[in-house]
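Participant: Provided herewith is a single structure, encoded as structure tokens, for subsequent inquiry.
Here, each number is a calculation from the coordinates, and none is a lab measurement. Values in this document were obtained by computation on a predicted structure and should not be read as measured data. Please note: Cβ atoms are built from the backbone with ideal geometry, for glycine as well, and neighbour counts cover all protein chains shown.
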Amino acid sequence: MPETLYIIDTFSLMFQVYHAIPPMTSPAGQATNAVFGFTRDLFTILKKKPDFLLCALDSEGPGVRSDWYPEYKAQRTEMPEDLRPQIPMITSMIEGFGIPVVHHSGWEADDIIATLTRQAEAEGIQVRIVSSDKDCRQLLSDQVQMFNCRKGEYFGAEQLRDVWNIRPEQVIDFQSLVGDSVDNVPGVPLVGPKKATILLEQFGDLEGVLANAEKAPGKKLRENLVEFAEQARISKRLVTLRTDLPLDFPMESARVGNYDIDTLQQLFLDYGFRRFREDLYQLTGGASDVDLPEEGQSSSKKQSRSLFNDASEKNTSKEADAVAEYSRGKQFAFNDTGNWQIIRDDDELQTLIEACRQAKEICIDLETTSVTAMRAEIVGWAVSIEPGTAWYIPIQAPFGLATLPHREVLELFKPLLESPEIEISNQNIKYDMLVWKRCGVEVKNIGMDPMVGHYLLDAGARSHGLDALADEFLKHRMIPISDLIGKGKNQKKMFEVDVERVGEYAAEDADVSLQLCHIMRSELQNQGLWDLYADVERPLIPVLADMEFAGIRVDDRELFTQSRQAGVRIDELLGELETEAGRKFNPDSPKQLRELLFDEIGLPAQKRTKTGPSTDQSVLEKLALMHPLPAKIMEYRQLAKLKGTYLDTLPKLIHPETGRIHASFNQVVAATGRLSSSDPNLQNIPIRTPEGRQIRKAFIPGESGWELLCCDYSQIELRMLAHFSGDEALREAFLTGKDIHTAVAAEVFEIDEENVDSDMRRVAKAVNFGVIYGQSPYGLAAALNIPQEQAAEFIDSYFGRYPGVEKFIEETLEKCHRTGYAYTILGRRRPITGIKNTTGRNRNMPERTAINTVIQGSAADLIKLAMLKVHESLNASDLQGKMLLQIHDELVFESPVAEIDNLATLAKSNMEAAMELDVPLVVDMKHGENWLDAE
């Protein structure tokens, strides 16, 4: 069987993935979407099991084709700002995979590909060209195909016949006639793909077409073939790829398998690509420095440790040494010298309980029937009090296997869980706390949660999950859950799995979690982050658990009514769209929208994607000023999203027992320190449109005679900016209680505040927030629909009036560049690399991320402190009210109407005293019968 060579058109693939993948950042704040996409495609290619793999690269400079035709590629736009720094990152990744890179002075990657393709063909090697460049179609043959990573499809001579109805040897002549607008190859006017195919079918090749110009159909076409004959020949020279470059390239150097595994593993960690570590393991069959089981080996037979043995060997000194090693910058090894046991009877359970009573810290991990804590039942308890040792207590199991009574186990552990003397630790302990709360147990002394600890150490990491932490810190691969319960239709419930296997899985979780607890505790202390964990993040865990347990009542009848009304309006809009367009079309199809808006109606394209003109929201907003159809499309999209995402989905999330939605509040998602919510994401419920705001009407208090109370920090991010910058004018505006946007508008427009109109205030508001996010004149112009020059004047005027702001930005970037971190007001940190300009106003993504982290992260610190103070005061009071939600800078409570004023006073006083800034904190408050009325 012939060997196969894959050749990657490097820059072509790089640009494809950059535009195809939304912005991503590494733990250090670097842009990584192109690196991620390129690496993902390398894995896709390598899974095809090529024998050889290489990357072809353009040479630096214009190249020889520009000498022939100066306009060649003259229309190419500059490389995007956030792509350029990713090129060396991609190069490092290519080197890690052991893939050679080939280039030749003056020539393009396509010429490298053409030359190496013909050389490989001569050696009997099958070639697969990884490129979307149509020029490469001239290389197709029985041995040569193109490969599309996006679709996983091959393109050969047969597909060429389907698309262009020509043979590979006719591609050059075809492109010479048609031209290429992307590369600015002129071709012949009026000759499109269909006419080119007809001409070539009739006259054979380009010279045959030009020689028979008088026989072409249509007067103007005949004239053009004569007038632009030389232009067609120039085009032919431009599109013809060199197949004879003097490349002395030994094919054997491209043989696949020369991986630098250590380098790749480190790159995946640095860039936050944790899932690729598993892909590399699968690719190399486990040939890495990570202690993973052999491929195909059962996870229940891992080497070098005893499972469920009776003998137990303590090794605490080894674990302590490991902590010390990590503190000196080294990595741990997994403590696998102990044993894991199943508790099978009351005597063994009592022995375990007695051992737990003597412990200062217990790691307990529950196995349950659901990933949703408010719906989960306990299947078993996994307990670890020393590294390398763990026990599993089965509560539910397949019929006929021994278990222990749920209530008996719970009652024995309850005093331990509620003891102030024993720390209860675990990965994502909030989940276990919620399960215990439903059983009437309250954890009194939370110890270490490795997930939260790791978040403080590395806020931008892709994952803080147990599998990722075990891999990173212990070099240990956890048993995959799919090994137990399977996947898809045949997936089992945890209680349907044999106790021995569940016990191994659960005991590993508890054991690994405890080892990680020791590591995280040490590392937080060594890096000066322990106080942030102990004083803010750890005490916040039970606050969030209480909020999730309380939930919020949702009126499903109101949602049903709104859904029905939205459905009626959607049907009306579809009819109006059809009438306006003069035909039926699918407004959800970008392809059909492009055809309608740009080809048929003739609206100008605003920006382009790889598949054609964009039809995203920003484009439709501009087109709506020119034609009524885009405005209706936007209204349709908005209503369809509201109906599908909220009106029809929220009722499904209502708990059948409580009648409430119990959203999860997550501490470890947003790298800035902000909380996020999920199931549902309450922080994303739209409020900018009347229809979106109406959704909040369905959120109501849980008791008759109660109301919702909303307490919202006023302009907290701008107050943080005033505090950090120390700008006198900005501080004065807040100290005197002025409307900050009006005050800024008066300064920028150099008028009295009473003369500021709504448009001026809108500009000032956009500038105020744009400064925080590093908005450019181009971005401000697009947001306000004003000329870019005018936007630049507004920004210049702002910094002229508030010089402290620019000084703060420059000092923040200088510190971040020097230390590698952006810091919030409480010392929360986020690693940032890629700071280039500490002065000036053109900001790249890492620079924007750094400023945003300081401001938004400090606002997140404030709301967390406020939640702690309010929660403590509320628990100490006689008030019945509960804190239900945290939405950005807002806290939502429910309370009896008779206690609303007292609760409002308690909340306001604690929130405004949560932190001392150089400007006053102001909390706006409102209450009502539903969330909409309380806004």
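Participant: Excluding residues fewer than 8 places away in the same chain, name every one of the aspartates and glutamates whose C-alpha is closer than 12 Å to that of Lys360.
Facilitator: Glu386, Glu421, Glu423
Participant: With runs of 4+ DSSP H residues as the only contributors, calculate the mean residue ellipticity of the chain at 222 nm using -39,500 (n - 2.57) per run, divided by the residue total and rounded to the nearest 500.
Facilitator: The helix contribution divided over the chain gives -14000 deg cm²/dmol.
Participant: For Lys765, go through the lysines and keep the ones whose alpha-carbon is under 20 Å away, minus same-chain ones fewer than eight residues off.
Facilitator: Lys738
Participant: A further question follows. I'd like the distance separating the alpha-carbon centroids of the range 817-837 and the range 906-935, in whole Å.
Facilitator: After rounding, the separation between the Cα centres reads 30 Å.
Participant: Let me ask something else about it. Starting from the 7 Å offset along Cα-to-Cβ, what nm value, one decimal, do you get for the label separation of Ala359 and Lys807?
Facilitator: Here the answer is 5.5 nm between the modelled labels.
Participant: Note down the net charge around Pro701, summing +1 for each Lys or Arg and -1 for each Asp or Glu among other residues with Cβ under 15 Å from its Cβ.
Facilitator: Computed value for this residue: -3.
Participant: Provide the net charge surrounding Pro2, with neighbours chosen by a C-beta distance below 14 Å and charges set as Lys +1, Arg +1, Asp -1, Glu -1.
Facilitator: -3
Participant: Related question: Beyond 50 Å, what percent of the Cα pairs of the chain remain?
Facilitator: Within the chain, distances greater than 50 Å cover 33 percent of Cα pairs.
Participant: Further, regarding this structure: What relative contact order, as a whole-number percentage, does the range 753-870 give when Cα pairs under 8 Å and 6 or more residues apart are counted?
Facilitator: 23
Participant: With each label point set 7 Å from Cα along the Cα-Cβ vector, what nm distance links Asn526 and Glu600?
Facilitator: 6.6
Participant: Still on this model: Cut-off under 26 Å on the C-alpha distance; same-chain residues fewer than 8 positions from Lys194 excluded. Which lysines are left, in chain and number order?
Facilitator: Straight-line reach from Lys194, under 26 Å: Lys73, Lys134, Lys151, Lys215, Lys219, Lys220, Lys236, Lys591, Lys610.
Participant: By its C-alpha gyration tensor, with a ≥ b ≥ c as the square roots of the eigenvalues, how is the range 305-551 shaped: rounded for a/c under 1.5, else prolate for a/b larger than b/c, else oblate?
Facilitator: rounded
Participant: For the range 445-517 and the range 80-105, what is the centre-to-centre distance using only Cα atoms, to the nearest Å?
Facilitator: Centre-to-centre distance over Cα atoms comes out at 35 Å.
Participant: Give the relative contact order (percent, whole number) for the range 305-551; include only Cα pairs under 8 Å separated by 6+ residues.
Facilitator: Relative CO of the range 305-551 lands at 24 percent.
Participant: Using 0.36 nm per residue of separation minus the Cα-Cα distance, give me the extension gain between Gln350 and Lys492 in nm, one decimal.
Facilitator: 48.0 nm
Participant: Let me ask something additional. Only Cα pairs under 8 Å and at least 6 apart count here; give the relative contact order of the range 565-661 as a rounded whole percent.
Facilitator: Relative contact order comes out at 26 percent.
Participant: So, one more: May I ask for the angle, rounded to the nearest 10°, between helix 33-46 and the longest principal axis of the chain, with both axes built from Cα atoms and the value confined to 0 to 90°?
Facilitator: Roughly 80 degrees, rounded to the nearest 10.
Participant: Using alpha carbons only, how many angstrom separate the centre of the range 129-202 from the centre of the range 350-411?
Facilitator: The range 129-202 and the range 350-411 have Cα centres separated by 65 Å.
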